[in-house]
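What follows is one structure encoded as C-alpha cells, with my remarks underneath.
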Amino acid sequence: MQLVDSHCHLDDRRYDDDRETVIGRAREAGVEYMLAIGTGEGPPDLEAAVRLADRYPFVLATVGVHPNDACKINLNTFEKLAELLRHPRVKAIGEIGLDYHWGTPKEAQVPVFVRQMELAAETRMPIVIHTRDAWRDTLDMLRAHWAPTGLGCVMHCFTGDAAAARECLDLGFHLSFGGVTTFPKSVEIREAARITPADRLLLETDCPYLAPLPYRGKRNEPAYVAYTARAIAEIRGVPVEQLAAETTANFERLIHFAGPPDSSTPPNDVGSNLGVGLN
Ligand SMILES: [Zn+2]
C-alpha cells in the first residue's frame, strides 16, 4: 500500500526528540511521500519545510505565510518566497488563506493571501488552502483570484458538508481529508468524503494536530494517515489499497511529480511544472 500524507508539520517542536523515528514509522506504514508544510513559526523564517525536504528524499516541501502570521511579513518576504519557489523540492505554496478565529486582522490577511496566489500563478504552483471561520470570504477570493488560473488547489483538512464539497469541486479543487473524518460526530464530513470523485481526493494528517481514531487527542504523526485511509475506504466501499493508489496518483499529478523520490527532478520552471499529459 502506497500512501501520501499531503499535509504535515514535521518541523513542529513536538518532534524534536524523535523526528527520525516518526519519519521511519511513516515509511513502515507505507507513506511514500510526505508534504511538509513550511509555514513554521512564520516570517522571517520561510524554510521550515525546505530544510526537511533537503534532508529526506521522500519529504517534499511547501513554502508560504499562514494567515495567522500575516502581520509578520517584512519587505523581503515575497521576494524570498519567489526565490524559494525555484527550489526543486518545493511543490506548492501553503498553507495560505483566511483565518478569522485567532484575531489576525482581515485587512492584514487579505493582501498576503492575494500576493501569494499571484506568486503561485506566476510559477504555476498549486496552492494549499487553510480556512477557518472564513468560508465565504475564502471561497469568494479563490473564485476571483485562483479558479481562473486552472491550477491546482487543495482544500486542506476539509471539514465541510457535501454542499461545501460540491462548491469546491465545481471550482476544480481537490479536497484533502484528515483525522477529523474518523470522529463519531463527523457524519457530514464523511458524506463529503463519500461524494468526492476519486480523482479529487487527498489524504493528510495535519500532524501534530488532529490525530484520527484511535489516537484522538494524542500527538498525530504521518503514519496515522493509514487510519484515515481505512475509514474513508470503508465509507466509499472500496478496498483501502485502491483508495491509497488513487490518492497517491492524485497527489503526484497535482504536484507534477511523477518520478521516484530520489530521481533528480528538474527545477520548477514553467515547463517542468506543466508536466506532460496533465490537465
Ligand atoms: Zn496545517
Charge-dipole axis of the chain as Lys and Arg at +1 and Asp and Glu at -1 on Cβ define it, positive-most pick from ASN250, ILE189, LEU169 = ILE189
Candidates LEU203, LEU46, LEU175: whichever shows maximal mean-square fluctuation once the chain is modelled as a Gaussian network with Cα springs under 10 Å = LEU46
If ARG124, ARG86 are placed from fewest to most neighbouring beta carbons inside 10 Å, the sequence is ARG86, ARG124
Across the Cα atoms of segment 1-158, what radius of gyration and what greatest pairwise Cα-Cα distance (Dmax) are found, in Å?
-> 15.3, 45
Of ALA49, ALA165, ALA61, the one that fluctuates the most in a GNM where the chain has Cα springs shorter than 10 Å | ALA165
Under a GNM of the chain (C-alpha, springs under 10 Å), which listed residue has the highest mean-square fluctuation: VAL90, VAL50, VAL187?
-> VAL187
Cα-only radius of gyration and Dmax that characterise segment 48-131, units Å = 12.7, 39
Taking Cα atoms only, Rg over Rh for the chain with Rh from the Kirkwood formula is 0.93
Arrange ARG236, ARG115 by Cβ neighbour counts within 10 Å, fewest through most, would you?
-> ARG115, ARG236
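Among the complete DSSP H segments of the chain, which ones combine at least 20 Å of alpha-carbon extent along their axis with a mean Kyte-Doolittle hydropathy of -0.5 or more? Numbers along the way, then the final one.
Working: long enough: 106-123 (26 Å, -0.09); 240-255 (23 Å, 0.07).
Helices meeting the span and hydropathy rule in the chain are 106-123, 240-255.
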Hydrodynamic radius by Kirkwood, which averages 1/r over all alpha carbon pairs of segment 159-226, in angstrom = 12.2 Å
About its Cα centre, how strong a charge dipole does segment 30-180 have in debye, to the nearest 20, once Lys and Arg get +1 and Asp and Glu get -1 at the Cβ?
-> 260 debye
In whole Hz, what ³J(HN,Hα) sequence does segment 56-73 give by Karplus (6.51, -1.76, 1.60; θ = phi - 60°), x for Gly and Pro?
-> 10, x, 9, 9, 10, 10, 10, 10, x, 10, 5, x, 6, 9, 4, 6, 8, 5
If you stretched the chain out fully between ARG194 and ARG86, how much longer would it get, using 0.36 nm times the residue separation minus the C-alpha to C-alpha distance?
-> 35.2 nm
Pull up all non-local amide H partners of VAL31: gap of 5 or more, or a different chain, and H-to-H distance under 5 Å with H placed in the peptide plane.
-> LEU3
Gyration tensor verdict on segment 1-76 (Cα atoms; rounded if a/c is under 1.5, prolate if a/b is larger than b/c, oblate otherwise) | prolate
Spin-label proximity, GLU234 to segment 169-194 - amide N less than 12 Å from point 7 Å beyond Cα toward beta carbon | 182-184
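The numbers here are math on the coordinates, done by the rules we state, and not lab data. These numbers come from a predicted model, not from an experiment. Neighbour counts are summed over all protein chains in view; Cβ atoms, including those assigned to glycine, are modelled from backbone coordinates with ideal geometry.
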